[in-house]
Amino acid sequence: METLVTILAGVLVTVATYLLLSKNLIRVIIGTAILTHAAHLIIMVVSGLKTGSVPIVGEGDPVDPLPQALILTSIVIGFAVTAVSLVLAYRTYQEVGTDKLDELRGDPDE
Amino acid sequence: MNNLIVMPMALPVLMGIILLFLRPYVKVQRSLSLLVFVANIGISVYLLHLIQQNGVIRLDFGGWEPPFGILFVADSFSMLLVLASSIVAAACLIYSFSSVEPSFEKNFYYSFVLLLIAGVNGSFLTGDIFNLFVCFEIMLLSSYVLITFGGKKGQLRESIKYVIVNVVSSWIFLVAIAYLYGTVGTLNMAHIADRIAESGQTPTLTVISVVFLTVFALKAGLFLYFWLPGSYSVPVTPVAAMFGALLTKVGIYAMFRVFTLMFYHEQQITHTIIGILAGLTLIGGSIGAVAYKDLRMVAAYNVVIAVGFILVGLAVATPAAIEGSIYYLIHDIIIKALLFLLAGTMIAVTGQTKMDEISGLIKNHPLLGWLFFLTTLSLAGIPPLSGFIGKVLIGEGAVGSGSYVLLALAFISSIFVLYSLMRIFLTSFWGETIISKDEEIPAKKGWIVSTCILALGTIALGLGAEPMSVYIQDAAETLLNPQIYIDAVFGDN
């Protein structure tokens, strides 16, 4: 199971890298969102995907609750960052009139 | 256990939220946010004094004992940086009062400044590595908003790059934390340090440490500074000053914390890499500083040089060098804010951004000119100003450990700093006065007050090096003996 999830994380990183390298701004932002989710899978898999009881209150061998807390925090942060960057992309499109990254280079006279 | 140490982060967060509801009352917003920073200055001075008496202070949130809960740890190093950042934030805030447009003030400008400082202070104080990531994100999210205040074409263009570079580096941070958690099974920094010291720094851990180095190098602009000059030269002046003074310093702080507390066992690998990167940063920054005519670009490349200079101290890692780095870090927080404010003021009064389009400014603005001259001297390290003592100590450390290449690069870069700023002084302040007093936008009182506060800060830090040295030596001792920090976290409260 661990191997499978690791490969899945790898696939997500590949997809995200492909999107990040494209010229379209929206694709780049979607790429960053996918990249963050790959990191979440990595966090989950490094602490071991084991089955167990509820931590602290449950009986028997409990699962590690910490990675889940980390992932939850990180999802919230990733959500906020994606929202901000989408707004930013929209404003940039309004102001500069393009969403192509190579046209966003700008000229030195400004 | 002292609840006060959460205040440098909690006060700005709470006030930032309260100000959201006080949108139309600009005067109230101004005074409340200034009040927060003044209170933070007071709290950090008091806490520094307390740490001096009782040693490192910690605060366990919710009473969860370490390593189970998250915690704040205040040692002299963190507290000195909190103090410096509060002073700079207060000065930049005073500058903002008379420089930012009324529409910014009604659109939550002060809330975002407060949240930015909350993130900065939280990063300095936290004792948990995931918490460090969260505080970084708080700081970065507010900086994403602050950089675009004004909504000009150039700002939006640069902010896109800034956001994407930072999102990717945050991702690397997250992955590094995941690897570290998988390897040592804890996130409490003292506990990690303890476990690494017990098991030895295995090759896996060294690789993880290099992943951390990559992240912090991106955030601090250590060699990976390609994004920095562009993004630091577009925001409005007080925001640029806060960015230049504080944001890279948080990355440097994180690097110091991680490489003195946790990963200090394989110095021939990690610290050699830091040394090489610092040297390359010094070279690249020096070339950039003399290559541009845009005042803001020169200032931004000066930030890069300072990053390299401070990290020479970490690479050398002798007691003198670490002490010098701490001195220089505090000096640089104050002086970079001053440099950006002065450059912004020059641009504001003349309406030009290139140095050769400005001439003879000293006739109409003598105080501005002499403040700029003072900044130049302080950055170059002329005694008795604050840059001197840090440079001497880092130099002493480099000689002591035989790193002569780094020593040479560090001091040659100082000459480049001096040259790049002297060039501005000579072309822009001297020469024929091309614009008459009537055509100019007059310098406002708030601009002069805030720059004077920072100029007094650099003089006081230089002249007061002796009384300051008690705190700085304590900070360096804690950094060099991780056991002090670990004992403070796991000791009785």
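Values quoted throughout were computed directly from the atomic coordinates according to the rules given, and no laboratory measurement underlies them. Since this is a predicted model, take the numbers as computed values, not measurements. All Cβ positions, even for glycine, are placed from backbone atoms using ideal geometry, and neighbour counts span all protein chains on display.
Just a few scattered comments:
- Candidate aspartates and glutamates - alpha carbon under 19 Å from B:Lys445, same-chain residues fewer than 8 apart omitted: B:Glu101, B:Glu105
- Segments B:21-31, B:101-111 sorted - mean Cβ within 10 Å per residue, highest first: B:101-111, B:21-31
- The protection proxy used here, the mean number of other Cβ atoms lying within 10 Å of each residue, ranks peptides B:295-303, B:457-465 as follows, highest first: B:295-303, B:457-465.
- Whole-Hz Karplus values for segment A:36-52 come out as 4, 5, 4, 4, 4, 4, 5, 4, 5, 7, 5, 8, x, 8, 10, 9, x Hz, taken residue by residue from phi with 6.51 cos²θ - 1.76 cosθ + 1.60 and θ = phi - 60°; glycine and proline positions read x.
- Shielding value for B:156-169 is 6, the average number of Cβ atoms from other chains within 10 Å of each residue's Cβ.
- Shielding score for B:136-143, defined as the mean number of other chain Cβ atoms within 10 Å: 2
- Relative packing of B:131-141, A:82-92, which averages over residues the other C-beta atoms within 10 Å, highest first: B:131-141, A:82-92
- Listed residues B:Val28, B:Gln473, B:Leu454: farthest to the positive end of the dipole of segment B:3-485 (Cβ charges): B:Val28
- Check: chain A dipole with +1 on Lys, Arg Cβ and -1 on Asp, Glu Cβ, in debye: 200
- Residue by residue along A:64-74, Cβ atoms of other protein chains within 10 Å of the local Cβ number 3 on average.
- Computed from backbone phi, the HN-Hα couplings of segment B:201-207 come to 7, 5, x, 4, 5, 5, 4 Hz, rounded to whole numbers (Karplus: 6.51 cos²θ - 1.76 cosθ + 1.60, θ = phi - 60°; Gly and Pro given as x).
- For the protein assembly as shown, the mean residue ellipticity at 222 nm estimated from helices alone is -24500 deg cm²/dmol, where every DSSP H run of n ≥ 4 contributes -39500 (n - 2.57) and the total is divided by all residues, rounded to the nearest 500.
- Prolate/oblate/rounded call for the protein assembly as shown, Cα gyration tensor, a/c under 1.5 rounded: prolate
- When B:His331, A:His37 are sorted by how many other C-beta atoms sit within 10 angstrom of their C-beta, beginning with the fewest, the order is A:His37, B:His331.
- For chain B, relative contact order (Cα pairs under 8 Å, six or more residues apart, normalised by length) works out to 17 percent.
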